[in-house]
1. Taking the 0 to 90 degree range and rounding to the nearest ten, how far is the long axis of helix B:131-146 tilted relative to the main principal axis of chain B, both from C-alpha atoms?
2. Evaluate the Kirkwood expression for the hydrodynamic radius of segment A:272-358, namely the inverse of the mean inverse distance over all pairs of different C-alpha atoms, and round to one decimal in Å.
3. Among B:138-146, B:2-10, what's the highest-first ranking by average C-beta atoms within 10 angstrom per residue?
4. Per residue of B:5-11, what is the mean number of Cβ atoms on other protein chains within 10 angstrom of that residue's Cβ?
5. Give me the angle, in degrees from 0 to 90, between the Cα long axis of helix B:104-126 and the longest principal axis of the Cα atoms of chain B, rounded to the nearest 10.
6. Given the -39500 (n - 2.57) contribution per DSSP H run of 4+ residues, what per-residue ellipticity at 222 nm results for the protein assembly as shown, rounded to the nearest 500 deg cm²/dmol?
7. Taking every alpha carbon pair in chain B, what does the distance histogram look like in 10 angstrom bins from 0, in percent?
8. Taking beta carbons within 10 Å but only from partner chains, what does the mean come to for residues A:287-296?
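Bear in mind that the values in this text are calculations on the coordinates, not laboratory data. None of the values given here were measured: they were computed from a predicted structure. With ideal geometry, Cβ positions are generated from the backbone for all residues, glycine too; neighbour counts draw on all protein chains shown.
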C-alpha cells in the first residue's frame, strides 16, 4: 500500500469554541451596513460618456481632423493592423512583436475596420441618401472615382488647411485652396456629428440589426483625438497611471498598480511593444504568485520573516513557556515542515506532536471556552 | 470499481461536519488576520447580490435613476472592500506560509481566484457605461490585442464584455471560491510554524 504523507491534523490540536455560522452572519451584517452607508454618503464615480455630437459642437476642427485621418490613412486605426485591418495599403503601424513573437496577428482581422469606408464614406452615403443631397452624392462619386494620388493631394491640402482654419458661429472657415470634394465631405460629416446621427451610423456597422451591443467603430472614431484630450485634462493618460485611478477623489482599481507601474518605466513606457511585454510581464508575475509553494527560497521566506510570530504570538508564548517543541518527538520533521515524512498505513506511527497534547491546553488559558481535545487516533492526510 | 461508492466514501472521509461547519477551532486561531477571509467572502456576497439587482433592472437603470445610482454605489464600494480584504487575506496567508502540509492546492485556487477577480472587476469598470469605460476600453484594446487575446475578445464589444462580467466570470469565480472554501475546510487552517526551543543555556533558539 502506498505510504501516506504525514501532516498535522487541525482537529487534534487543543480546541476552543467557535461558531462559524454566527461569524459569517455577523461579518455579512457589519459589511452590509458599512458598504450601504458608504454608497449613501459618497455615491459612486460616474462621468457621462462622451459623444461625437458633443465633440463636434465643442471642437468641430478636431472632428474634421479625425475624419481626414480616417480618410487618408494617417489616423491610428486606419493603419493599425490586426485585428482591425492589414494596415493602410499594407503598412500596419500597431502590430506588436516581441522577438518575432506576435500573437496579435494569429487571428487575422476578425473585427474589420476600413476607416475610410466605415467612418467617412458609408455614413456620408447614408446622409446623402436620407437628405436627397445631390451635391454630397456628387462629391462622394468624385472622390471615389479619383486616382489615389489625387485623393491624397486633396486630403493633404485639406489637412494643412484645417491647421489654419477658424470657427465662426460653429462653422469651420477654411482658407482658399484645392480641396476637391473633400471640403464638402468633411464639412457634412462634422454637421452629421453635430446632429447626433453619426454615432448611430457607426454603431449600425458592427451590429447588423436593431441591437447595439458592439460599439467598436464609435469608440475607435472617438479614440483618435476626443477621448485622449479629455483623459489628458483629467490625468488619466497611460503615462499618468490612467487606468489605476478613477474620477475625482474616489479610489480606483488600485489592484492594477503593479501593471500600471510598468507603463511609467522603460522599456514599457518607451518600447513599441510596451503593451505586449507589459501583459507578458504581468502574466509571469501571476504565475510566480500561483507557484509560490514550490519556488525555493520564496516558499521558505515567511518562516524567516518574524510576521508569523506576531500572528501566532499567544500560541508561541505558551509553547515556549513549556518548551513543548523542545520535547516534541517530531521536532526534526517539523523543522522540515514534515517534508518526506510518510506513514505506513499498515503500521501507523504512534508518535504524536507535542502541540496536540492536552496538557498544553490546560496551561493555555487565554481563551474562554477552551476545552481539551478528545483522544482521537492519529489522523493522516493522503496528499 | 463503483464510482458512486468511491465518491461517497471519499467525501464522507474528507468532509465531515467537523470539517465543513466546525463548532470548534484550534486554539492557535487567534488573530485579526483570520477575519480577512470571511470579510472577503462577505464582500463578495454583497458584490453578487447588488450585481444581480443591477443586471435585473439593466444598465440604463443603474446609470440614470436614483435607486440605480445607489445600487451602483453599493456595487462599487463592495468591490473596493472585496479587493481590500482579499489582498489582506493573501498577504496574511503568505506570512503564515499557508500552503504548508498539503495545502498547496488551496493556495493555487486562491491565487487563481485573485486573477479572475481582476479580470472580473475590469469588465465591470467597462460596463459602467461612462467616460471611464470608454477611455479604458480604447486604452486596453492595445494590450489585449498585443497579448494575442484579440482572437477571442473584442474589448470594444459591450455585449461580450457585459456577458463576461455578469455571467461567465462570476460563475468561474464563485466556483473557484467554493472550491477554495472546501479545500480550506477539509484541511483546516494551517498549523503554526515550529516554536523556538530552549537551549542548554536556557535561551530560545
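1. 70
2. Hydrodynamic radius (Kirkwood, Cα only) of segment A:272-358 equals 16.7 Å.
3. B:138-146, B:2-10
4. Numbers: counts 0, 0, 0, 0, 0, 1, 0.
Partner Cβ neighbours, averaged per residue: 0.
5. That helix lies at roughly 20 degrees to the long axis.
6. -16500 deg cm²/dmol
7. Computed distribution, short to long bins: 7, 27, 27, 21, 13, 4, 2, 0.
8. Neighbouring Cβ atoms belonging to other protein chains average 5 per residue here.
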